[in-house]
Structure formats: C-alpha cells, structure tokens
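Remarks on the structure that follows.
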Amino acid sequence: DDKSSIRTCTSTCDWEFEGCGENQYCEIPSSGIVQCSEDKSIDKEKIDSCVELEVEGSTYRLTQDFTTNLDSTGTCCIKIYVDSITLDGQGFSLTNSNKQFGTAVCAYNSDIAVKNIELNGYYTGIRFASAGYDAGAKKMRPGAENGKITNTQINDAKFAITAQGDNHQINNNL
C-alpha cells in the first residue's frame, strides 16, 4: 500500500502517518506535507463562490474575498441544508454588487456556526430560517436551532441578522 498516493481519507484513517493519530482525518496534498485534523474539512471545503454546503459535520472556509450579483430578495449566496456546519470566513468578505438584494448566508438546520466574516450590501446578512418548504431548492427544511454567529461584520444591510428557531447565540458582531 503506497501511502504517498493517498490524497484524502473519506473516513477515519486506519493508519498512523507522520503524526496523524487515530480518529483524525488526514490529507496528503500535492506538496507532500501531511495535514491532520479532528474534522473532515482540512482544506477540501474551500469556498470562493456562492454554493450549497452539504457535507454534514464539516468546516467550510472562505479562501478569498468575492463579489456576488444577487438580483432578488429571495436569493441566497451560501445555503446550509445539513446539520453541524461551521462557516469560517477567515476574515474574508462577501460583497453583493446589486445592493440591497438577496441574503449572504441562509441556514436551515441545527448547530450551524458562522464566524469571522464580513458581509456587505445584502438585503439580509445572515438568516437562520424556520421550518418549511424551500421552493427554490425544491426541498423541505427542518428549521434552524442552536445557531452561533461570532466575530461577524455586516454592512449596508436592511436586516443584519434574522433568527427564527430556538437557542441561537449571537456574540461579538458589528
């Protein structure tokens, strides 16, 4: 078994290699430097455009500032339809060039964390939504609960944060 050919483990690694321990996720990128992490994301969950986050239990990270052009109030740039997702902006920003339309981040499930991100020019910055049918995505959404928003700056929004559901924590935001 040539471990140098392994790029990403899809489950807990069953071998120890360069310090990666049991119950850790491992990646050997083309640089050959092994990365180990307690979560499944490592660097594979990079965000550089609008997207639906769909790997439950993952951490997704912005890798650069980017601009969207959402053209109606009902559209959303980053949609979260699974539980236990962390969206870490790493200090990067999302800017909507079509001022005052759309939502930057829409969360429809439980245990969603949004942190370290700057959002500019959206009708709504972050929306933790209630249960219901999402006609655009053609799927039921269970409703957001236990959400966390930390170290986030929201500028030029009609609504910075809308939070439906229970037990949300909103701390250290501008």
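The values are calculated or read from the model by the stated rules, or taken from the named source; none is laboratory data. Note that the coordinates shown come from a computational prediction; the quantities given were computed from them, not determined experimentally. With ideal geometry, Cβ positions are generated from the backbone for all residues, glycine too; neighbour counts draw on all protein chains shown. What goes into the accessible areas is simple: the full protein's heavy atoms, side chains included, and nothing from ligands, DNA or RNA. Shrake-Rupley method; radii C 1.70, N 1.55, O 1.52, S 1.80 Å.
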How about region 80-173: which strands (runs of 3 or more DSSP E) wholly inside it have at least 1 residues that are under 21 Å from LEU70 (Cβ atoms) and basic (Lys, Arg)? 124-128, 139-141
Looking at ALA104, ALA144, ALA157, ALA113, which one is more than 19 Å from LEU53 (Cβ to Cβ), open to solvent by less than 40 Å² (accessible area, probe 1.4 Å) and of a type in the set (A, V, I, L, M)? ALA157
Determine which member of the set LEU87, LEU94, LEU119 is open to solvent by less than 20 Å² (accessible area, probe 1.4 Å) and in contact with a Cys (Cβ under 8 Å, 6 or more places away or on another chain). LEU94
